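Undergrad: One structure is given below, represented as structure tokens, and several questions about it will come after.
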Amino acid sequence: MNSTKPTCILCKTLQIIYYLIILCSYLTHVNCEQTNGTKTCAEVYEKGVEAYLDNKFQECVSYLENALVKYREYSKTLLNCRLKCRDEAEQSKPLNDIDIENLLFFEKILKNTLCLVKCKTTSTLNTEKYNINEELEHVFENRKPYEYLHLCYFQVKDLQKAASAAFTYLISHPEDKTMLATLKYYSSFDGVDMNEIVNYEARDYVYLYSHGAAAYEKKDWKSVINNMEESLTDFLQAGEECRAQCEGPFDHGWLPDFVPSIASKFHFSF
């Protein structure tokens with residue numbers, strides 16, 4: 001009897017937390033529908049594509065660059081929410097000092113979920129500025145905007161950016177022979193310096209490592225140390241963010257994240 005009693009108390013506590021999650025997710029849904037902000041990331045992207053099709057290339061550049069900025073802001077905010085909530089759940093004080101049937105693990109999952117709901121409700125993720133669905137995430141993660149953007153850059157005579165946009169797309173699609181030929185074509189222009197072509201989506205550690213390697217060749221040991229240390233720090237941070245990014249999305253009807261999905265699964269297994 002003594003062992004059953006604390007188990008029941010903890011189960012009821014966890015169920016209460018779950019109902020709070022349902023309430024919070026409902027409030028999140030209502031708040032999202034009532035928000036009346038600027039154009040969404042999807043709308044800006046669509047405007048950019050329309051401008052390209054209408055041969056309005058300067059507008060195309062403006063819209064697509066804006067869409068990329070919005071998506072980066074969204075991704076960063078989402079990652080910050082996940083990393084923050086994971087750390088808070090790990091460091092939180094347990095409801096019961098005794099880990100009954102490994103319930104401490106699931107308690108942390110539920111706390112993580114509550115934190116995610118709150119974070120998404122109070123942060124800019126919950127505004128029409130983003131409102132990004134899985135399909136649009138796929139578009140941006142596959143670098144689709146650069147497939148249009150490099151052509152628009154070319155038409156407005158910004159050749160260096162056109163080459164960099166084509167290169168950025170090729171990083172994710174190295175088998176694309178058409179884009180490879182296009183980049184080679186861009187490189188034939190006098191205004192394009194192949195040494196200055198950049199990957200617009202590269203993390204800082206890539207360039208820090210390159211600077212460190214260049215400093216090594218020059219025997220500038222202080223710069224080597226500084227750049228390599230910063231490169232390693234950013235690389236490890238990128239790994240953490242990559243793992244956090246893998247937690248979603250999974251749309252099961254109320255909060256499309258991996259951790260809440262586990263919390264929901266646990267509740268219905270009682």
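Coordinate-derived values only; no laboratory data. This structure is a prediction, so every number in the text was calculated from the model and none was measured. Cβ coordinates were reconstructed from backbone atoms using ideal geometry, including for glycine residues, and neighbour counts include every protein chain displayed.
Undergrad: How would you order 228-234, 57-63, 148-154 from highest to lowest mean count of nearby Cβ atoms within 10 Å?
TA: 148-154, 57-63, 228-234
Undergrad: So how strong a dipole does the stretch 63-104 carry about its Cα centre when Lys and Arg Cβ are +1 and Asp and Glu Cβ are -1, to the nearest 20 debye?
TA: 380
Undergrad: Now, a different point. Label 7 Å along Cα→Cβ of I171; the stretch 182-197 residues with amide nitrogen under 16 Å?
TA: Of the residues in the stretch 182-197, 195-197 have backbone N under 16 Å from the label point off I171.
Undergrad: Now, a different point. Quickly work out the W221-to-L53 label distance, labels modelled 7 Å from Cα along the C-beta direction, and quote it in nm with one decimal.
TA: That separation, rounded to one decimal, is 6.1 nm.
Undergrad: Could you tell me whether the stretch 157-227 comes out rounded, prolate or oblate from its Cα gyration tensor? Rule is a ≥ b ≥ c as square roots of the eigenvalues, rounded for a/c under 1.5, then prolate if a/b exceeds b/c, otherwise oblate.
TA: prolate
Undergrad: Can you compute 3J(HN,Hα) from phi for each residue in the stretch 226-238, using the Karplus curve 6.51 cos²θ - 1.76 cosθ + 1.60 with θ = phi - 60°, rounded to whole Hz and x for Gly and Pro?
TA: Karplus-based 3J(HN,Hα) across the stretch 226-238 equals 4, 5, 5, 5, 5, 5, 5, 4, 5, 5, 5, 5, 4 Hz.
Undergrad: Please compute the net charge surrounding A162, taking Lys and Arg as +1 and Asp and Glu as -1 over other residues with Cβ under 15 Å from its Cβ.
TA: Result for the neighbourhood of A162: -2.
Undergrad: Sticking with this one: For A214 and Q91, calculate 0.36 nm times their separation in residues minus their Cα-Cα distance, and state this gained length in nm to one decimal.
TA: Full extension of this stretch gives 40.1 nm more.
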